[in-house]
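What follows is one structure encoded as structure tokens, with my remarks underneath.
Bear in mind these aren't lab numbers, they're just calculated from the coordinates by the rules spelled out. Since this is a predicted model, take the numbers as computed values, not measurements. Every residue, glycine as well, gets a Cβ built from its backbone with ideal geometry; the counts of neighbours run over all protein chains shown.
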């Protein structure tokens with residue numbers, strides 16, 4: 001992607017957010033924020049019986065990059081296990097979003113993924129604890 | 001063509017500002033070129049003022065190799081590409097209180113374009129007033145623009161800054177956030193904390209964050225309010241003033257306010273700023 005293509009890719013996600021809205025029966029629901037940019041993103045997720053993500057939604061407000069990134073993240077985690085989501089790389093995400101464009105705003109670009117990873121980690125730890133009990 | 005609505009604010013040079021209503025009434029005037037300069041790189045594509053071209057700071061005005069701006073010839077080519085001739089009235093606007101619009105104003109002024117204005121309040125005010133944004137990218141017939149050699153009387157270099165450290169008539173203004181000034185951070189909150197080896201500020205610098213010159217709606221504060229801010233820190237028109245921030249863009253906003261709105265005769269913007277000073281070996285730094 002050249003710079004203009006990367007801009008158009010992000011603008012498309014910003015203007016046509018994928019998987020936006022609440023999620024019924026979510027097992028993960030966690031909000032994360034960047035006070036400096038007034039970004040507040042809530043990530044909702046649900047896993048199927050095999051432990052693979054089968055539903056994801058997001059809600060919130062924020063700058064163009066944080067919203068575009070949240071939309072994109074919901075597209076790339078479908079079917080992944082909690083562990084796979086936790087192991088996702090922020091660097092890879094920044095590369096896919098267009099490093100040249102988002103490198104000045106990495107906290108915005110990674111807010112959604114970081115929030116999802118944290119929420120998924122808490123969900124997994126809770127599930128493990130329940131299992132050992 | 002002047003935005004006379006701003007006269008009441010008591011500015012020394014009110015002619016450098018136009019109001020959003022004035023711009024709305026002059027969108028179809030061929031001798032006017034609107035230029036949008038944003039910090040947020042996506043905003044122009046999300047929507048811009050009808051007829052406006054995009055100034056992308058990362059690609060349009062930076063030398064790709066040396067840390068410097070484009071050359072005189074490069075500036076001429078840029079103006080030509082946007083269909084701007086030497087008589088065109090350029091109206092700059094952007095996001096975040098016109099932060100990058102003022103930075104552009106400063107650069108364009110160095111290359112000799114004087115017929116320029118800032119749209120007071122920028123994108124924020126235009127949007128708040130429910131005025132239209134479009135996605136069409138305009139194409140203009142190239143011109144034969146002639147730029148002047150760079151006027152560096154409004155630009156400060158590190159040697160100028162260092163030479164003035166003991167000058168009682170010199171005032172340094174660090175326009176960054178208090179956390180950057182004290183060295184707690186080396187960039188704004190939520191931005192990558194990189195670009196300088198050390199935190200702190202240049203000795204003698206006074207901390208007057210750039211956005212204190214703006215109202216909540218993005219417009220500039222009145223002359224009286226601005227005087228209270230700068231006089232209150234002993235930054236008065238009789239002094240040689242140098243503004244700086246991290247790379248010189250926030251400080252261009254303060255340069256603009258002091259030079260045009262308050263009429264200070266000697267204000268320079270140090271665009272090397274903290275990303276230069278905070279990396280210089282043995283450069284003196286104050287840090288509480």
Most exposed first, judged by fewest Cβ atoms within 10 angstrom, A:25, B:58, A:44 run A:25, B:58, A:44
For B:80, B:71, ascending order of other Cβ atoms within 10 Å (fewest first) is B:71, B:80
Most exposed to least, judged by fewest other Cβ atoms within 10 Å, A:7, B:229 sort to B:229, A:7
Per residue of B:40-49, other chain Cβ atoms within 10 Å number on average 6
On each of the three principal axes the extent of the alpha-carbon atoms of segment A:3-128, given in whole Å and largest first, is 43, 24, 23
Largest-first semi-axes in Å of the equivalent ellipsoid built from the Cα gyration tensor of chain B are 30, 21, 18
Reduced to Cα centres, the span from segment B:61-91 to segment B:166-190 in Å works out to 30
With Cα coordinates, the longest principal axis of chain B makes an angle with the long axis of helix B:99-110, in degrees rounded to 10, of 90
Using the Kirkwood radius over Cα pairs of segment B:137-286, the Stokes-Einstein translational diffusion coefficient at 25 °C and 0.890 mPa s, in µm²/s and rounded to a whole number, is 151
Label model pair residue B:62, residue B:166: point-to-point distance (7 angstrom along the Cα→beta-carbon line) in nm is 3.7
Output ordering of B:249-256, B:269-276, B:221-228, A:85-92 (per-residue mean of other Cβ within 10 Å, highest first) is B:249-256, B:269-276, B:221-228, A:85-92
Label model pair residue B:131, residue B:198: point-to-point distance (7 angstrom along the Cα→beta-carbon line) in nm is 4.5
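Run through the DSSP bridge list for chain B and note the antiparallel percent, rounded to the nearest 5.
Values: 4 of 29 bridges.
Of all bridge pairs located within chain B, approximately 15 percent are antiparallel.
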Percent relative contact order for segment B:153-277, counting Cα pairs under 8 Å at least six residues apart, stands at 33
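Rounded to the nearest 5, what % of the DSSP beta bridges within segment B:4-150 are antiparallel ones?
Working: 2 of 15 bridges.
Given both bridge residues lie in segment B:4-150, the antiparallel proportion sits at roughly 15 percent.
Given the DSSP H assignment, sum -39500 (n - 2.57) over each helix run of at least 4 residues in the protein assembly as shown and divide by its residue total; what's the result at 222 nm in deg cm²/dmol, nearest 500? Intermediate values should be presented prior to the final figure.
Numbers: 17 runs with 141 residues, N = 421.
The helix contribution divided over the protein assembly as shown gives -9000 deg cm²/dmol.
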The Kirkwood hydrodynamic radius of the protein assembly as shown, taken as the inverse of the mean 1/r over all distinct Cα pairs, in Å, comes to 23.3
Rounded to the nearest 10, the angle in degrees between the Cα long axis of helix A:64-76 and the longest principal axis of the Cα atoms of chain A comes to 50
Two pseudo-spin positions, 7 Å from Cα along C-beta at residue B:77 and at residue B:29, lie apart in nanometres by 3.1
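Given a Förster distance of 30 Å, report the FRET efficiency between residue A:29 and residue A:131 from their Cβ-Cβ distance, rounded to the nearest 0.05.
On the way: r = 21 Å, r/R0 = 0.70.
Plugging the Cβ-Cβ distance into 1/(1 + (r/R0)^6) gives 0.90.
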So the FRET efficiency between residue B:285 and residue A:3, C-beta based with R0 = 35 Å and rounded to 0.05, is 0.45
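Enter the mean number of other protein chain beta carbons within 10 Å of the beta carbon of each residue in B:156-169, as an integer. Intermediate results must be reported in sequence, preceding the final value.
Working: counts 0, 0, 0, 0, 0, 0, 0, 0, 0, 0, 0, 0, 0, 0.
Per-residue shielding by partner chains comes out at 0.
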